[in-house]
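A short worksheet on the structure shown next.
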Amino acid sequence: MSLSSPKQKPGRTSAVAIHPRRAEIELACASGTSLREIASRFGISRASVDRHWHSLSAEERAFLTAMATELAEHQAALSRVFAAAMARAGTSHHARHHDSGGHAHAA
């Protein structure tokens, strides 16, 4: 997901750069999740997360932050739609149950 490979010391491979869930790690950083929480969630050191995040260019960090913000907005919208659908389903189920003489699946 990163725009380019992070800058690193010769001979040293970034634990985040080779991590199979790198994109999630970078988005978690971009969303403001604590480094300690990210490290714990993905099984890497806090220092590795910090080094990786700060090795990215300002442009890359800005891009990831914008993406994390957009994803959070979409997630919030989906949550609102889901809550409305569940409320409607609950009301509909209750009405069907009451109108069918106690059988929710009556034809």
HN-Hα couplings for the range 61-67 via Karplus (6.51, -1.76, 1.60; θ = phi - 60°), in whole Hz with x for Gly/Pro, come out as 5, 5, 4, 5, 5, 5, 5
Take the alpha carbon gyration tensor of the range 17-97, find the square roots of its eigenvalues, order them as a ≥ b ≥ c, and report rounded if a/c is under 1.5; if not, report prolate when a/b exceeds b/c, else oblate. prolate
Would you mind putting 12-23, 47-58, 79-90 in packing order, based on average other-beta-carbon counts within 10 Å, highest first? 47-58, 12-23, 79-90
Which order do 91, 33 take when ranked by solvent-accessible area (1.4 Å probe, heavy atoms of all protein chains), largest first? 91, 33
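The values are calculated or read from the model by the stated rules, or taken from the named source; none is laboratory data. Predicted model only: the values in this text are computed from it and were never measured. Cβ coordinates were reconstructed from backbone atoms using ideal geometry, including for glycine residues, and neighbour counts include every protein chain displayed. Surface accessibility is based on the protein's heavy atoms, side chains included, excluding ligands, DNA and RNA. Shrake-Rupley method; radii C 1.70, N 1.55, O 1.52, S 1.80 Å.
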